[in-house]
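Here the structure is laid out as structure tokens; the discussion comes afterwards.
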Amino acid sequence: MPEVAGREPRFDVTSIGESMLRLSVGIGHRIASAGSFDAHVAGAESNVCAALAGLGRKTGWVSRLPKNPLGELVLARARSWGIDTEQVVMAPNGRLGTYFVELAAPPMPARVTYDRAGSAFSELTPDEVDWEYLLDTRLLHLTGITPALGGALPSLITDAVARAKERGILVSLDVNYRAQLWAEEEAARYLRPLLEEIDLLFCSSNDAIRVFGLEAGDSAQLLTGLRAMTSARHVVVTQDSEGAIAWSDGRLLHQPALPVTIVDRIGAGDALSAGVIDGVLAGDAQGGLANGVALAAVALSQHGDVVSVGRDELAIVTAFANIRGTSVLR
């Protein structure tokens, strides 16, 4: 792992991304007729940092928030999760992005409506990023959501990856495709070059097909297709109700999903990413995949996007579920 100025890095994981105010209605309610909303703070990158902080990892988050009560709410919530927010820019102008969620029961899918255009974060510039802070870490975690917001963000994320690689810092990327933010072809053009520079790749089976044009098939075939596109040592394909499959340093790993009563469907993928990252940092990718699937199950059973569980509690979940990863040498 990299050292900074002759010492261990300050953080285990840093990330850069937008957090928003989430307003949701419960199962059986529609936004169009809602009389009240439940408020949560959420963002893919901060969700991962929060989950890792809950496991005892040191995490730092770079973002840009409006200097108003809503921005202060997000900042306070991030700090309460144990995330370091020293380099979050508080902008004098701008707005906080919001999104609205209908937590529908099957057969209806959950419905998400974004209201994030012109947010304070979307105007973040490279000059506002403290690169020494962001890169004082063992691993930099990024998602495909941030460059999709446009402005200076696509070049900023590309630059972040290049700077991290120059310093020997591990880079993790979750494709996290959002059709409401950019077209599949645009996402593919931007993300394909990044796949050659990262160490850890997360991609859902749906995103592998839609964004990268892989033929629909079983997850092992999708994993093979993604491996041909990336130099990442660890490639994880999430399978929703089937769990996750991964390629890690020459081993094929599979982790079945846990039985769960779904309370809130959003945030499970970020929880899974956090578990895998934790395992990679510990030199145990197989255990990380098992913990990631367990964290995802816990996230599905809790309200809000951020999973709230400590390492001792996570051990109880994995022991109770009696889950064990399987390895196939190739």
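The values are calculated or read from the model by the stated rules, or taken from the named source; none is laboratory data. Quantities reported herein were computed from a predicted structural model and do not represent experimental measurements. Every residue, glycine as well, gets a Cβ built from its backbone with ideal geometry; the counts of neighbours run over all protein chains shown. All accessible areas refer to the heavy atoms of the entire protein, side chains included, with ligands and DNA or RNA removed. Shrake-Rupley method; radii C 1.70, N 1.55, O 1.52, S 1.80 Å.
Taking segment 217-258 as the range and being of a type in the set (Lys, Arg) and open to solvent by 70 Å² or more (accessible area, probe 1.4 Å) as the test, the residues that pass are Arg227, Arg233.
When each of Gly168, Gly151 is tested for being in a loop (DSSP other than H, G, I, E, B) and more than 26 Å from Val237 (Cα to Cα), the lone residue that passes is Gly151. Are any of the residues in segment 230-252 closer than 16 Å to Asp199 by Cβ, in a strand (DSSP E or B), at pLDDT 95 or above and of a type in the set (Val, Ile, Thr)? Within segment 230-252, one or more residues are closer than 16 Å to Asp199 by Cβ, in a strand (DSSP E or B), at pLDDT 95 or above and of a type in the set (Val, Ile, Thr). Against the criterion of being touching a residue at least 40 places away in the same chain (Cβ under 8 Å), assigned to a strand (DSSP E or B), within 30 Å of Val317 (Cβ to Cβ) and open to solvent by 20 Å² or more (accessible area, probe 1.4 Å), His29 does not qualify.
Among Pro147, Pro193, which is the only one that is open to solvent by 20 Å² or more (accessible area, probe 1.4 Å) and either modelled with pLDDT of 95 or more or in contact with a His (Cβ under 9 Å, 6 or more places away or on another chain) (or both)?
Only one candidate qualifies: Pro193.
Contact map, segment 104-121: residues that are closer than 20 Å to Pro66 by Cβ and in a loop (DSSP other than H, G, I, E, B) paired with residues that are of a type in the set (Lys, Arg) and open to solvent by less than 40 Å² (accessible area, probe 1.4 Å), Cβ distance under 6 Å, separation 6+ or inter-chain. Pairs shown: Ala120/Arg64.
Screening Ala179 against (1) surrounded by 17 or more Cβ atoms within 10 Å (Cβ to Cβ); (2) over 27 Å from Arg57 (Cα atoms) leaves a single unmet condition, (1).
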